[in-house]
Amino acid sequence: MMDRVQDTIEILKTYHQEHIIKLLNKLEGKAKEELIDQIGKIDFHQIMELYDNTKKEIKIKENKIENIPYLDKAKLTKEQKEQFDKLGETAIRNGEYAVVTMAGGQGTRLGHTGPKGTFKLDVYGKGKYLFEILAENLKEANRKYGVTIPWYIMTSKENHDETEAFLKKNNYFGYNAKNVIIFTQSELPLIDTRGKLLINKNNKIKEASDGNGGTYSSLRISGCLADMKEKGIKWIFIGGVDNVLLKMADVTLLGMAIQKNVQIASKSVVKANPHEKVGVFCKMNGHPKVIEYAELPEKMAEETDTNGELKYGESHIMCNLYTIEAIEKVSKEHLMYHSAFKKNSYIDENGREIIPDTPNSYKFESFIFDAFEFFDDIAILRGKREDDFAPVKNKEGVDSPKTAKELYEKYWKRH
Ligand code: UTP
């Protein structure tokens, strides 16, 4: 034990984490062992490198950006739509389709206490939980296609127990429990502006989920990918937890992917205006890519094609589809990490909990769409905002519970 303590202290010294040495020296027995175990699993070199990157100016490389073709669902011919739908429906009926819900986010902007999926949207007086809305969407597909689509739900270490207990308590909203598979994503430590790792209430280093790009590797590490293979799954849909109009089993999207023989496909909605702050699809250096709002030159953001449509107008709405081979491939790739400056509570050197009012620390995340560039092609289907996209992101204003409620109720009035 003495050696382990000394080795751990050496690591912490190397990376200037003296406040954690202080904590370690205060702890005894099991708590001390647990902290040592946690420190042993952290890649300090990687974390400090990511921290150093936050201080550097990001140089935008000279990239060749081109627009990317898409099909507009509303403009498909009757024959084309029927062909896609039939292909998609057959794959689902054959049990080749699974869905993944990414529910490992912190939901900091919404400010709801508890996992985001447990947020109740005030619809139809009684309200519906976000998980309930997703379960209803899947149950409807199951009824239509005579199957039970396996539903994989990704949590974070932070929200796993609460998510699991919530779903159990609510009887998985009528979903067959056997077909709800909950798995947990990986984490990375949080670091403050001076390069010190945050300490958590439980005498550990505070960590947070490593972004929705972690979905791929977590599917593999958790054994879910192997489980899917065993079940004969060929297509995997991955979506967010917070879009109350998300269609998790869109046969047109699936059929289009099958017909086009692509490894990945995605549903988009057209940008509300050229300067809406969303990521849009493009081809970068010949590969599919979602380019962030800030990285798209203004002139390009406004550019239109011969039909008067925005050339870079297809927004990424976390509605992605993959072959199982595609997931297998990207689950072994290293995606780049982005840093997000966020508000995170922590324990200070006097043992007091500090709840900051303003952002105080960096969270490192990889993004789901950064995997697209590992492929040569992607099939994009443009949906409709009013049918496909009503996100619950912010407490108030745009993409808030208020706007999602309006869109949700309007949609169901029409259907
Ligand atoms: P967002 O990037 O909108 O993050 O996630 P968020 O956690 O919901 O909200 P903020 O930014 O803290 O306010 C988009 C989707 O990706 C999932 C979220 O749960 C959501 O479904 N996600 C995000 C994860 O599953 N894991 C992560 O590490 C991050």
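Every number here is computed from the coordinates shown, using simple stated rules; none is lab data. In this text the structure is predicted, and so the values were computed from the model without any measurement. Neighbour counts are summed over all protein chains in view; Cβ atoms, including those assigned to glycine, are modelled from backbone coordinates with ideal geometry.
Place +1 on the Cβ of every Lys and Arg and -1 on the Cβ of every Asp and Glu in the chain, take the dipole about the Cα centre, and give the residue among Gln259, Ala294, Asn202 whose Cα lies farthest towards its positive end.
In the chain, that residue is Gln259.
Please work out the FRET efficiency for the pair Glu406 and Lys201, using the Cβ-Cβ distance as r and a Förster radius of 56 Å; give the result to the nearest 0.05.
Approximately 0.90, to the nearest 0.05.
Under a point-charge model restricted to the Cβ atoms of Lys and Arg (+1) and Asp and Glu (-1), what is the dipole moment magnitude of the stretch 322-415 relative to its Cα centre, in debye to the nearest 20?
I would put it at about 580 debye.
Might you report the magnitude of the Cβ-based charge dipole of the chain about its Cα centre, with Lys and Arg at +1 and Asp and Glu at -1, to the nearest 20 debye?
1080
Tell me the net charge near Thr193. Cut-off is 14 Å between Cβ atoms, Thr193 excluded, with +1 for each Lys or Arg and -1 for each Asp or Glu.
It works out to a net charge of +4.
Please grab the % of Cα pairs in the chain that end up more than 42 Å from each other.
Roughly 16 percent, once rounded to a whole number.
In debye, nearest 20, what is the charge dipole magnitude of the stretch 100-174 about its Cα centre with +1 on Lys and Arg Cβ and -1 on Asp and Glu Cβ, if you could check?
For this selection, approximately 180 debye.
With a sphere of radius 12 Å drawn around the Cβ of Tyr97, what net charge do the other residues whose Cβ falls strictly inside it have (Lys, Arg +1; Asp, Glu -1)?
Overall, the nearby charge balance is 0.
Along the Cα→Cβ direction, 7 angstrom out, place labels at Met336 and Val398. What is the inter-label distance in nm?
2.4
How large are Rg and Dmax for the stretch 87-156 when only the alpha carbon atoms are used, in Å?
14.6, 42
Please report the net charge: other residues with Cβ closer than 12 Å to the Cβ of Tyr129, K and R +1, D and E -1.
Around Tyr129, the charge tally is +1.
Using a Förster distance of 30 Å, how high is the FRET efficiency between Thr306 and Thr108, based on the Cβ-Cβ distance and rounded to 0.05?
Using R0 = 30 Å, I get an efficiency of 0.10.
Considering all projection directions equally, how large on average is the shadow of the alpha-carbon convex hull of the stretch 317-415, in square nanometres?
Mean orientational projected area (the stretch 317-415, Cα hull): 10.3 nm².
Can you pull the percent of Cα pairs in the stretch 24-123 with separation above 16 Å?
Beyond 16 Å sits 83 percent of the P(r) for the stretch 24-123.
Quick one: give the max-minus-min coordinate of the C-alpha atoms of the stretch 247-331 along each principal axis, largest first, in Å.
38, 25, 22 Å, listed from the longest principal axis down.
P(r) for the stretch 198-309: what percent of alpha-carbon pairs falls in each 10 Å bin, starting at zero?
Per 10 Å bin, starting at zero, the Cα-Cα P(r) for the stretch 198-309 comes out as 9, 27, 34, 19, 9, 1, 0 percent.
Give the Rg/Rh ratio for the stretch 252-402, taking Rg as the radius of gyration of the Cα atoms and Rh as the Kirkwood radius, to two decimals.
1.04
Using a 7 Å offset from the Cα along the Cα-to-Cβ direction at both Glu276 and Glu298, what is the distance between the two label points in nm, to one decimal?
2.1
Could you give P(r) for the stretch 46-196, binned at 5 Å from zero, as whole percent values over all Cα-Cα pairs?
Whole-percent P(r) values from 0 Å outward: 2, 7, 12, 13, 12, 12, 13, 12, 9, 6, 2, 0, 0.
Say the dipole of the chain comes from +1 at the beta carbon of Lys and Arg and -1 at that of Asp and Glu; which of Ile9, Ile181, Asn350 then lies farthest toward its positive end?
Going by the charge dipole, the pick is Ile181.
Sorted from fewest to most neighbouring beta carbons within 10 Å, what does the list Met248, Met2, Met154 look like?
If I rank by nearby Cβ atoms, fewest first, I get Met2, Met248, Met154.
So for the pair Gln80, Arg220, with labels modelled 7 Å out along Cα→Cβ, what separation do we get in nm?
Placing both labels 7 Å along Cα→Cβ, they lie 3.6 nm apart.
Out of the chymotrypsin sites (Phe, Trp or Tyr not before Pro) in the stretch 84-147, which ones are loop residues according to DSSP with at most 16 other C-beta atoms within 10 Å?
Tyr124
To the nearest 0.05, what FRET efficiency results for His415 and Lys329 with a Förster distance of 51 Å applied to their C-beta separation?
The computed FRET efficiency comes out at 0.85.
So what's the stretch 156-233 giving for Rg/Rh, alpha carbon basis, Kirkwood Rh from the mean inverse pair distance?
Radius of gyration over Kirkwood radius for the stretch 156-233 works out to 1.08.
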